[in-house]
Amino acid sequence: MTPNRLAALPAARPAPGASGVPDVSVVIAVYNTMPYLTACLDSLVGQSIGPARMEVVAVDDGSTDGSGAELRRYAEAHPGLFTLRRQANSGGPAVPTNRGTALARGRYVLYLGADDWLGPQALARLVAAADGWDADVVVPRQVGENGRLVPQGIFARTAREVGFTDSALAWALADTKLFRRSLLRGLHRREDLPVHSDQPFTLEALLRARRVSVLADYDYYHLVRRADGGNVTQRARPLERLHGIGAVQEVVERLTAPGPQRDAIRARHFGWELPQLLQAPLFELDPAVRQRVCTGVGHLVRAYAHRELLAGLQVADRLRLVLAAQGRLAALQGLVQYELAHGSPPIRDGHAAYPLFRNRRLALPDWVFAEPPAARDALTPGH
């Protein structure tokens, strides 16, 4: 495909005749995001869709760095475009985002990080696609800035309709999408989640949607890696991440049936998110926290992972999850130390020859060490 061309997009239908209803509301939760906030707001006032067809709803979650003053400066310079609210700090993005969603009036809602920014044609293209394709959710191509890594698998092609079993949609559970506002009725972010509150929210919206589309023809959404490490996910603690992952699994259990779709969603978390919590940094934590992380991961494995799902994972990830499920924290630490010293083990007769392989004391079954099927792309970020 050729980037930055409009030819692949459907023709937009005329906007509804309801007077004063914008096509799209951009909702921003703001907390101490200067100086990145300025670029974010510049990208909004410069949108080609024009101020008559959009609104910006910004909720300042008790900023102390001048973000509130910057919001007011832009609101004064662009009358009618901004709806601003300020509240005491809530401790996470869920509360201000829920409030912003409740204030939104547009036919569509786009969530934008206050340290991120949009390409100039982003909103016009997204609304055109949603109208032309009758899509409830449109996933826009996202790119990283300042070294931010963004999985690109879902953006392999522009597609009128995608699902979890025919695309990398499971790797795109952030709320950085265009949603039909009517789809969001009754949906709220869990305010007890300091991080990952967008993932169960987005997953439920995706599972409820009649059609999910992907636009991969333009750099719509620029995700910024902050030099100060201030992004919420960058500073998240392991137990907070674990709590968020568990919330996603509850949505999967509630809204999907056993089968390929459920497994495709869970493969992301069991093949990447949870094993990441069982790496070397785990053993730098306080022993009590270390135990709680291992116990929490083990609970999720026992509750939601079946053998066929685990068998499709990389051996190192599968072995970590099995050890956590059995509460074998010392063996898990030994595994990490082995990998730090030796790297990946050799493969012998189709099995990874870790020192734990056929260890009589542990008595782990051979399938835990068996090499997975060759096609691993679906479980690897960026595929």
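Just so it is clear, none of the values below were taken in a lab; they were calculated from the coordinates. These figures come from a predicted structure and were not determined experimentally. Here the Cβ is made from the backbone with ideal geometry for all residues, glycine too, and neighbour counts use every protein chain on show.
Quote the Stokes-Einstein diffusion coefficient, in whole µm² s⁻¹, for the range 269-383, based on the Kirkwood radius over alpha carbon pairs, a temperature of 37 °C and a viscosity of 0.692 mPa s.
228 µm²/s
Rounded to two decimals, what ratio of Rg to Rh does the range 24-224 give with C-alpha atoms and a Kirkwood Rh?
0.93
Going by average Cβ density within 10 Å per residue, which order do the peptides 181-194, 212-225 take, highest to lowest?
212-225, 181-194
Working from Cα positions, state the angle (0 to 90°, nearest 10) between the long axis of helix 287-304 and the longest principal axis of the chain.
That helix lies at roughly 80 degrees to the long axis.
Between 0 and 90 degrees, rounded to the nearest ten: what's the tilt of helix 36-45 against the longest Cα principal axis of the chain?
Here the helix axis deviates by roughly 50 degrees.
Could you pull out every residue, at least 5 positions away or on a different chain, whose amide H is within less than 5 Å of the one on Val57? Hs are placed 1.01 Å off N in the peptide plane, and Pro or chain starts have none.
Val26, Val27, Ile28, Thr83
When the helices in the chain are scored as -39500 (n - 2.57) per DSSP H run of 4 or longer and the sum is shared across all residues, what 222 nm value do you end up with, to the nearest 500 deg cm²/dmol?
Helix contribution divided over all residues of the chain: -10500 deg cm²/dmol.
Which one, His188, Val109, Gln47, projects farthest toward the positive side of the charge dipole computed for the chain from Cβ point charges (K/R +1, D/E -1)?
Going by the charge dipole, the pick is His188.
At 37 °C and 0.692 mPa s, what whole-number value in µm²/s does Stokes-Einstein give for the translational diffusion of the range 27-108, with Rh from the Kirkwood sum over Cα pairs?
Once the numbers are plugged in, D ends up at 256 µm²/s.
Could you give P(r) for the range 110-191, binned at 10 Å from zero, as whole percent values over all Cα-Cα pairs?
With 10 Å bins starting at 0, P(r) equals 14, 48, 34, 3.
Can you check how the C-alpha radius of gyration of the range 147-206 compares to 2.2 N^0.38 Å, as a plain ratio?
1.22
Counting just the Cα atoms, what span does the range 329-377 cover along each of its three principal axes? Round to the nearest Å and put the largest first.
If we take the Cα atoms of the range 329-377, the spans are 32, 23, 18 Å.
Give me a comma-separated list of calculated 3J(HN,Hα) values for the range 202-212, in order, Karplus coefficients 6.51, -1.76, 1.60 applied at θ = phi - 60°, integers in Hz, x for any Gly or Pro.
5, 4, 4, 5, 5, 6, 7, 5, 6, 8, 10
Between helix 329-342 and the chain, what is the angle of the helix's C-alpha long axis to the longest principal axis, kept within 0 to 90° and rounded to the nearest 10?
90 degrees
With both partners inside the range 24-224, how many of the DSSP beta bridges are antiparallel, as a percent to the nearest 5?
Around 25 percent of the beta bridges assigned by DSSP in the range 24-224 are antiparallel ones.
Could the peptides 129-141, 327-339 be put in order, highest first, of the mean number of other beta-carbon atoms found within 10 Å of their residues?
So the order, starting with the most tightly packed, is 129-141, 327-339.
Just how large is the dipole of the chain about the Cα centre, in debye to the nearest 20, putting +1 at every Lys and Arg Cβ and -1 at every Asp and Glu Cβ?
Computed charge dipole of the chain: roughly 660 debye.
Indicate, rounded to the nearest 5 percent, the antiparallel portion of the DSSP beta bridges found entirely in the chain.
Counting DSSP beta bridges with both partners in the chain, the antiparallel share is about 30 percent.
Would you mind giving the average projected area, over all directions, of the Cα convex hull of the chain in nm² with one decimal?
Taking a quarter of the hull surface, the average projection is 19.8 nm².
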